[in-house]
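Read through the structure below, which is laid out as structure tokens, and then see the notes.
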Amino acid sequence: MTLPRLTFVGTGYLGATYAVCFAELGYEVLGFDVDTAKIAALSDGVVPFHEPGLGVLLRRNLAAGRLRFTTSYAETADFGDIHFVCVGTPQRADDTGADLSYVESAVTGLARRLTRKALIVGKSTVPVGTAEWVQRLVDKHAPAGLGAEVAWSPEFLQEGFAVQDVLRPTRIVAGVRSDWAATMLSAAHRGVLDLAAREQREVPVVVTDFATAELVKVAANAFLATKISFINAMAEVCEAAGADVDQLARAIGHDPRIGSRFLRAGAGFGGGCLPKDLRAFQARAQELGVGESLRFLHEVDLINQRSRSRVLRRAAELLDCPTGPAGPDFGNTRVAVLGATFKPHSDDVRDSPALAIAAALSASGADVHVYDPEGMGNAARVHPNLIFEPGLEEAVRGSELVCVLTEWPEFSAADPVHLGRLAAGRLVVDGRNCLDVAAWTAAGWRYRGMGRHAEP
Ligand code: NAD
């Protein structure tokens, strides 16, 4: 069988990475987006966001002629045997459910222009039941008699590791309704499976129904979010009891039933996925009449929000700020905020704890100076009122307090002796428990982590 021609509808973090990586695997690929600036950048070989390793692959595959980008629905519909829908599904403005308007416009725009039978595969994270609805949209809008079909194949990539995650996924989930759809989807994944075979790896493939495929993704995110909030709740208890959450996490993580990953206490989770997926999952469960079953996710969300305010409290405690009913008053104290992105190795500031805390510090009167290795452009667009510094040293210079809020290697590796000479006060809040406590305290800093002993 010749390789099917693939399109990726929506070329954001997910779709652009997929388009590039699948071209790298040998497929002919067309990326489509309604954002003309994004398509122009990608066509010029420029990745419009930070993702390690992606730019080289983009330029290689553009040059090889396997990869193109367009803003034309008609060209996209005509090109593809399989269309992957990778558009955003943000939280709705008026409640906690998922906004499916981008999915609707993408699917409708595409379906209307189909010229032959094709498979439309949802990759966006959606509430359970969406695939059924998308199939109805396709049936309604595609020219009669084409028999276009829908499948759902949720995505688990992590920003910062996206190239590796797409080329070498931990599993493939395929929600399908027919043998034809299963065969087509398997042809689309042949490149990934062949690569795994060459590298003598196994990639588990779970072929299932629409609803299970959709739920796998939100269940996985709910589990990960719960694990993070669990350890952050333990950090609160450790603080009250005088225990150390890092040691606790290490000790429980040795149990293979628990595992050590996602057990790092800190300022909590953020980004364009976990928070909104958690809320949309609860909203959907409510609609399905099983809201009670997911009530604990509300608590997971609350613990996460509390992790952000705990950082603020640590900062106020260290600076000995007056605290009234409206919260602490930082009285124009200069504070260096290190980190703006929701995680390292990304420029994504969507629902970022670091940026939310920076904004809260500023709203409470602090003179906030932010530095992030990759996220400054995006952060400045969201919070133009904050001061952004060109480097770590510029941010720290003259600051009374340093808050480390994203775990960039540049911050963990920074020399506390040198930074101590630049800062006006040697006070540090380690919102990611990523600094070497012994080294920082030896350099004269008063250190506060998250549920972590302040002394080595
Ligand atoms: P994003 O905002 O970076 O990209 C979405 C893209 O869709 C944008 O470029 C936008 O212009 C485009 N778009 C909107 N309407 C369109 C339309 N009608 N036709 C074509 N393009 C359109 O979002 P993202 O982070 O790539 O996420 C996309 C989906 O993937 C979401 O459902 C998200 O939850 C899911 N997801 C994301 C990740 C991740 O790490 N970013 C991981 C797994 C799943």
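Please treat every number below as a calculation from the coordinates, not as lab data. Treat the numbers as computed from the prediction; the structure is a model and nothing was measured. Methodologically, a virtual Cβ is constructed for each residue, glycine included, from the backbone with ideal geometry; neighbour enumeration extends over all protein chains shown.
Numbers for the structure displayed
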quantity	calculated
Top positive-direction residue, dipole computed over segment 305-448 with Cβ charges, set Val417, Cys321, Ala439	Cys321
Val207 paired with Asp436, simple spin-label distance in nm, labels 7 Å along Cα-to-beta-carbon	5.3 nm
Farthest toward positive dipole pole in segment 6-208 [+1 Lys/Arg, -1 Asp/Glu at C-beta], among Phe8, Phe49, Val29	Val29
Spin-label zone in segment 413-456 - amide nitrogen under 20 Å from a point set 7 Å from the Cα of Ser260 along the C-beta vector	413, 432-439, 450-453, 456
Compactness of segment 313-426 as Cα Rg over 2.2 N^0.38 Å, two decimals	0.99
Under-5 Å amide H pairs with Phe388, H placed in peptide plane, nonlocal only	Val370
Computed over the chain, Cα set: Rg, Dmax in Å	23.6, 75
Simple label model, 7 Å out from Cα along Cβ direction - Arg381 to Val34, nm	1.6 nm
Dipole magnitude of segment 217-302 about its Cα centre (Cβ charges: Lys, Arg +1; Asp, Glu -1), debye to nearest 20	380 debye
Shape category assigned to segment 171-296 from the gyration tensor of Cα positions, a/c cut at 1.5	oblate
For the chain: lysine pairs under 19 Å (alpha-carbon distance), excluding those fewer than 8 apart on one chain	8
Cα centroid separation - segment 240-259 against segment 137-155, whole Å	48 Å
Theoretical FRET efficiency, 1/(1+(r/R0)^6), r = Cβ-Cβ of Arg60 and Ser105, R0 30 Å, to 0.05	0.40
By average C-beta atoms within 10 angstrom, highest first, the peptides 324-337, 424-437	424-437, 324-337
Amide H contacts of Ala151 (H built 1.01 Å from N, under 5 Å, at least 5 apart or other chain)	Ile120, Val121, Gly122
Beta bridges per DSSP with both ends in the chain, % antiparallel, nearest 5	10 percent
Three-way shape label, segment 6-208, alpha-carbon gyration tensor, a/c 1.5	rounded
Over the chain: helical MRE at 222 nm, DSSP H runs n ≥ 4 each giving -39500 (n - 2.57), nearest 500	-13500 deg cm²/dmol
Per DSSP, loop chymotrypsin sites (Phe, Trp or Tyr not before Pro) in segment 181-285 with at most 16 further Cβ within 10 Å	Phe262
In order through segment 334-342: 3J(HN,Hα) via Karplus (6.51 cos²θ - 1.76 cosθ + 1.60), integer Hz, x for Gly, Pro	7, 10, 8, 10, 9, x, 10, 6, 6
Approximate spin-label separation Ala197-Thr2, in nm, with each point projected 7 Å along Cα-to-Cβ	2.1 nm
Built amide H within the under 5 Å cut-off of Arg334, gap 5+	Asp367, Glu400
Under the span-like rule (Cα at least 18 Å along the axis, Kyte-Doolittle mean at least -1.0), DSSP H helices of the chain	210-241, 274-287, 295-319
Difference of contour (0.36 nm per residue) and Cα-Cα distance, Ser178 to Arg92	27.7 nm
